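To start, the structure itself, in structure tokens.
What follows draws every value from the coordinates through simple rules; no lab data is involved. All of these numbers come straight from a predicted model, not from anything done at the bench. When we count neighbours, we look across all protein chains shown, and the Cβ atoms used for this are built from the backbone with ideal geometry, even at glycine.
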Amino acid sequence: MDKQRLDVNMQDGLRAAAEGTQSGNYLGDAKVVDQLVRDFMSVVFSERAKFHETGEGDGASARINQLCSSYGKVFMGESDAYVAQPWNSIHRLGNFLRAMPDVAFLMKDSEIDAPCEAYFHFLAVQALSAAIALEQGEQTEEQVKAGLTEVVHDAVDVLLGRKAGAA
């Protein structure tokens, strides 16, 4: 990366950080990203519970799809409620996510064309798989919590650009 581009990126990042510090919703803040990912996983778990109560699979699926789309837009910097960092763009986070095998697979075999939305579908699958393993007695609650904690930490690293291969 040339020096001029590096300087511009640094200025953009500092400006976004200053704006985010004031608003408390800066997507470069690990605490904010962690809470968003945890909230997402919690809602997916809740939708699984609603599915068991109502038996309405289509409704739960539609709500999870909408949730994935909404969170994808937040992390692509398309939400006025959050201050994006320079990483939160289709050219940075989007390209990084496209290179992830699970995201590439979801984008290839579905109608999802937004990489961050596809990533949240991947996270939803992780949450739903954990819920099913718990329901079927394949894992204890402690094992599920430990596994999901690892998924959340990994997701935070990906969404902050701290994962290997992110630039």
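Data overview
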read-out: Out-of-range pairs (alpha-carbon distance over 21 Å; input K50/K108; K73/K145; K108/K163; K31/K163); value: K50/K108; K73/K145; K108/K163
read-out: Nonlocal amide H pairs with Y26, under 5 Å, H built at 1.01 Å; value: V83
read-out: Charge sum, other residues only, whose C-beta stays under 14 Å from Q139's C-beta, Lys/Arg counted +1 and Asp/Glu -1; value: -4
read-out: Net charge dipole size for the range 74-167 [Lys, Arg +1 and Asp, Glu -1 on Cβ; Debye, nearest 20]; value: 440 debye
read-out: Label-zone membership for the range 50-91, site E135, 7 angstrom Cα→C-beta point, backbone N under 11 Å; value: 50-57
read-out: Paramagnetic reach from K31 in the range 52-87 [backbone N under 20 Å; point 7 Å along Cα→Cβ]; value: 81-85
